[in-house]
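A short write-up of the structure that comes next.
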Amino acid sequence: MSTIKIKQIKSRIGAPRDQKRTLDALGLRKLNHSVEHECTSSILGMVNKVKHLVIIVK
């Protein structure tokens with residue numbers, strides 16, 4: 001499987017609780033933090049939920 005790199009570009013302050021939990025589940029702790037995950041449907045669904053807070057870096 002291929003991997004994707006996810007970077008948090010906006011603050012979690014003011015976001016709903018479920019979106020904060022999604023960021024925690026992805027491993028994103030603070031602004032400009034990046035993590036790598038395998039490109040699975042569950043990870044892509046999580047990224048889609050917080051797409052306004054993160055960016056996928058190629």
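The values are calculated or read from the model by the stated rules, or taken from the named source; none is laboratory data. The model shown is predicted, which means the values in this text are computed figures rather than measured ones. Backbone-built Cβ (ideal geometry, glycine too); neighbour counts: all protein chains shown.
Quick one: Ser34 ticks every box in (1) surrounded by 12 or more Cβ atoms within 10 Å (Cβ to Cβ); (2) touching a helix residue (DSSP H, G or I) at 6+ places or on another chain (Cβ under 9 Å) bar one, so which box is it?
Here Ser34 meets the rest and fails (2).
May I ask you to verify whether Ser41 is modelled with pLDDT of 95 or more and hydroxyl-bearing (Ser, Thr, Tyr)? I'd like the intermediate steps shown before the answer.
On the way: modelled with pLDDT of 95 or more: yes; hydroxyl-bearing (Ser, Thr, Tyr): yes.
For Ser41, the condition - modelled with pLDDT of 95 or more and hydroxyl-bearing (Ser, Thr, Tyr) - is met.
List the number of the failed condition for Val47; all other conditions in (1) touching a residue at least 40 places away in the same chain (Cβ under 8 Å); (2) surrounded by fewer than 13 Cβ atoms within 10 Å (Cβ to Cβ); (3) not in a loop (DSSP other than H, G, I, E, B) hold.
For Val47, the exception is condition (2).
Restricting attention to the range 17-34, which residues are of a type outside the set (Gly, Ala, Ser), over 8 Å from the mean Cα position of the chain (by Cα) and not in a helix (DSSP H, G or I)?
Arg29, Lys30, Leu31, Asn32, His33
Kindly list, by first and then second residue, each pair from a residue in the range 14-28 that is in contact (Cβ under 8 Å) with a residue 12 or more places away in the chain and under 16 Å from Leu44 (Cβ atoms) to a residue that is basic (Lys, Arg) and assigned to a loop (DSSP other than H, G, I, E, B), limited to pairs with Cβ atoms under 7 Å and residues at least 6 apart or on different chains.
Within 7 Å, the pairs are Leu23/Arg12.
Hey, any hits in the range 2-16 for a residue that's surrounded by 11 or more Cβ atoms within 10 Å (Cβ to Cβ) and assigned to a helix (DSSP H, G or I)?
no
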